[in-house]
Amino acid sequence: MRLTLVFFAVLCCFVQAGAQGPVIWLPADPSPAEQKAAGVLAHYLREMTREEVLVHDQPATAEKWSRKRPIVLFGKHPALEPFGLDTPPALADDAYFLQGKNNVFHIAGGGDMGAEYGVYDLLERLGCRKYSPRDSLIPFVGRLVLPLLSPVTQKPAFPYRELHYEPAFDEDWARWHRLKTRHDKAQEWGLFVHTFHVLCPAETYFSEHPEYFSWNGAQRSPGQLCLSNDTVRQIVAAALREKMLEKPEATYWSVSQDDNYDFCKCPRCAASDARYGSPAGTLLTFVNAVAAEFPDKVISTLAYQYTRKAPVDIRPAPNVSICLCSIECNRGQPITEGCRDFARDVEEWATLTDNLMIWDYVVQFRSYVSPFPNWHTLQPNLRLFQKHGVRMLFEQGSGGDRSEFSEMRAYLLAKLMWNPQVDMDSILLDFGKGYYGSAQPAVWGYIHDLTTSLSANGNHLWIYDIPQNERFLSDSLLRTHFLNLMYAERRLGADTARQNRVLAARLPISFARAERAKTDSVALREILDDSREQSQRGLQLFVDGCKTAGFRNLHENRYTPEAYMQDYLSFIEKQRMAAGSRAHAPVLTTPASATYAKGYPNELTNRRIGETDYRYNWLGFQGNDLQVTVQVQGDTCSEISVSFLQDQQSWVFFPKRVVFEVSADGVHFRQVHAEDIEIVPDGKKATKTVGATLAAAPAGVRFVRVTATNTGTCPGWHTCNGNPCWIFADEVVVW
């Protein structure tokens with residue numbers, strides 16, 4: 001038995017002596033951050049080498065294996081000098097120091113994450129990649145050779161980096177890419193944007209104290225607060241204090257306007273706005289006073305829409321952070337070219353405060369699955385923000401939903417948020433080769449041609465738009481690249497993972513072609529000639545593709561591919577009805593707004609169906625009723641219908657009453673149908689078709705008159721009550 005034990009001990013010595021696995025040495029008293037980073041590195045090195053990775057905190061053992069194993073040292077390690085490595089400098093939070101020599105590598109980091117960020121840097125130098133939460137590359141190496149690297153210190157361009165894209169919702173992906181994680185965000189923020197209604201809720205105060213809320217020029221409205229009212233400030237500060245007691249560890253607390261334009265225009269607020277040259281001055285007066293009560297917290301507020309322009313003669317308090325939002329900007333050009341007024345705002349706010357946050361928008365919000373070629377704007381925009389000393393950056397993508405090229409955009413943006421000066425093309429090429437494999441040239445060709453077409457067609461790219469209106473989406477371009485990507489997908493053979501990634505790149509083309517067909521007479525005729533079963537099969541392919549590619553929603557309001565299919569089928573049926581309509585030559589009693597469809601009455605009988613965007617295929621009437629008389633081809637009438645739109649956030653309401661009348665001579669009319677519609681709070685965009693089937697089709701009908709009664713002003717419960725509201729109508733159909 002004794003001989004067996006001796007033999008086993010000798011065998012272990014030989015195995016250990018011959019081992020080539022890496023060794024990680026921590027300092028004698030490692031910080032929790034260094035211990036965490038060492039654990040992460042050990043995990044990945046085991047995956048790469050298939051060998052045991054030793055983790056030690058005894059520096060004396062360094063010389064024992066110095067010539068046999070790759071060594072990674074952390075922090076201010078005593079073995080640095082024997083290995084000829086430099087002592088790291090003092091490092092700020094998130095910054096890290098790297099050096100490599102003779103198969104020995106040194107990592108030092110600042111704050112809670114610096115060392116771990118240094119580990120991810122080393123892993124990428126060794127060939128590892130984390131493309132998405134689902135897709136990583138961890139290469140196998142027979143013998144690990146650590147990189148030779150002169151001493152280098154890395155620090156972020158923006159101390160606070162938050163990416164609102166699906167990959168960044170994954171803790172591991174976000175840490176790898178040196179971003180704020182969802183967990184850390186939840187710990188650091190007590191309240192985040194649009195908080196007036198939380199701190200001074202209308203349901204609590206409005207009925208008894210309407211003076212706490214904004215005067216919109218007609219009456220008091222619950223849309224925003226009256227910021228010149230001292231009692232409102234006291235209420236907000238008291239509510240904020242209670243919130244802080246519930247979450248004392250949080251640093252950031254937002255005291256900011258709600259998401260509407262209904263700012264207070266009472267005499268005191270208006271005078272303050274005039275004095276400071278912007279409503280932002282009135283807001284800052286209010287927020288600075290609140291912030292003075294919480295000197296150990298950071299009070300964040302928005303410079304958004306009506307408060308975007310920087311004020312004069314007032315500065316944010318030292319503990320006030322300004323969140324400047326670029327929602328209005330054209331995404332087809334860098335901000336310095338396509339949105340010069342916002343570039344001016346960045347510069348002016350930067351002269352007023354060192355605590356500037358940018359809320360930037362990098363996705364097509366109306367259609368997550370729609371071509372959106374903004375690649376060429378990302379780097380120059382972040383360089384602009386870096387130039388003006390922006391400290392906090394929030395890049396808003398599609399949130400928890402996957403969207404067009406969301407993995408690649410998130411990957412690129414993460415690199416740019418750390419350092420806007422990196423070689424963007426190299427990053428994209430590296431990502432493309434690893435993520436798409438042999439299909440990368442087809443994907444790159446599509447993106448290149450899409451971007452070139454955007455430039456050739458005016459560089460207009462908006463975050464709320466539809467393919468029907470985007471001139472850069474030519475039918476030939478879409479058709480060519482649909483086929484190119486489909487062929488590239490097939491050539492991947494059994495590589496199912498990459499096939500699905502190319503499918504995700506191709507689906508936005510399918511979506512754009514389907515949407516553009518709605519306003520293309522030839523394509524629409526082909527759709528109408530198909531049976532319902534044929535249309536359903538084609539749309540089901542799109543739905544199935546979305547499931548495979550992971551596209552759960554098509555826009556920010558949780559609009560599923562399945563709902564899109566049903567709406568498209570409904571559109572086809574409505575279009576069939578409209579195509580057979582005998583209504584023509586519409587005459588309006590009161591003109592429509594020239595802002596939409598140029599106010600042309602023919603929009604009501606052009607056989608094109610409007611959907612849920614009031615900018616397309618709708619006629620609008622603000623504060624006025626709709627009354628239209630149409631001529632009827634033939635002399636009978638059995639059915640009448642007309643459609644209306646609801647988008648209450650945009651002041652668009654259904655009419656409160658709709659009346660149908662018929663006439664033989666266009667002078668004398670008789671009522672054949674009337675319908676009342678209850679106007680209730682509803683945040684969803686919707687369409688409603690009011691129709692009537694006449695019991696006995698009257699003969700001699702040559703004219704039909706439709707009257708839709710506008711509710712007049714936004715109701716009392718609406719944030720913009722008292723303001724003139726809209727009705728939008730489309731397609732009077734007569735059978």
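The values are calculated or read from the model by the stated rules, or taken from the named source; none is laboratory data. Not measured: the values here are computed from a predicted model. Counting neighbours? That spans all protein chains shown, and the Cβs are built from the backbone with ideal geometry, glycine included.
What to note about this one:
- Screening region 392-423 for residues that are outside any helix (DSSP H, G or I) and among the aromatic types (F, W, Y) and picking the one that is farthest from the chain's Cα centre (by Cα) gives F405.
- Selected residue [under 24 Å from D676 (Cβ atoms), touching a residue at least 60 places away in the same chain (Cβ under 8 Å) and assigned by TED's automatic domain parsing to the domain that holds A729] from V658, V652, V632: V652
- Set D530, D520: member being more than 20 Å from E611 (Cα to Cα) and either exposed (fewer than 15 other Cβ atoms within 10 Å of the Cβ) or in contact with a helix residue (DSSP H, G or I) (Cβ under 8 Å, 6 or more places away or on another chain) (or both): D530
- Of all positions in region 392-403, none carries a residue that is in the same structural domain as V346 (by TED's automatic domain parsing) and without any contact (Cβ under 8 Å) to a residue 24 or more places away in the chain.
- Here G389 meets each of (1) in a strand (DSSP E or B); (2) on the phi > 0 side of the Ramachandran plot with one exception, condition (1).
- Some residue of region 183-192 being among the aliphatic types (A, V, I, L, M), outside the structural domain of G118 (by TED's automatic domain parsing) and at pLDDT 95 or above: yes
- The single condition among (1) farther than 28 Å from G437 by Cα; (2) in contact (Cβ under 8 Å) with a residue 12 or more places away in the chain; (3) out of contact with any Ser or Thr (no Cβ under 9 Å at 6 or more places or on another chain); (4) crowded, with 18+ Cβ neighbours inside 10 Å that A505 does not meet is (1).
- Residue in region 616-625 that is touching a Lys or Arg at 6+ places or on another chain (Cβ under 7 Å) and part of a strand (DSSP E or B) present: no
- Helices (runs of 4 or more DSSP H) fully within region 116-212 that include at least 1 residues being under 21 Å from the mean Cα position of the chain (by Cα): 171-176, 182-188.
- Sole exception among (1) buried (at least 16 other Cβ atoms within 10 Å of the Cβ); (2) over 20 Å from V690 (Cα atoms) for A594, by number: (1)
- Take the conditions (1) among the small types (G, A, S); (2) in contact (Cβ under 8 Å) with a residue 40 or more places away in the chain; (3) in a loop (DSSP other than H, G, I, E, B); G545 misses just one of them, which is (3).
- Any hit, region 205-228, residues being within 24 Å of K247 (Cα to Cα), outside the structural domain of C714 (by TED's automatic domain parsing) and of a type outside the set (G, A, S): no
- From the options T711, T707, T719, T689, residue that is in a loop (DSSP other than H, G, I, E, B), surrounded by fewer than 22 Cβ atoms within 10 Å (Cβ to Cβ) and among the polar types (S, T, N, Q): T711
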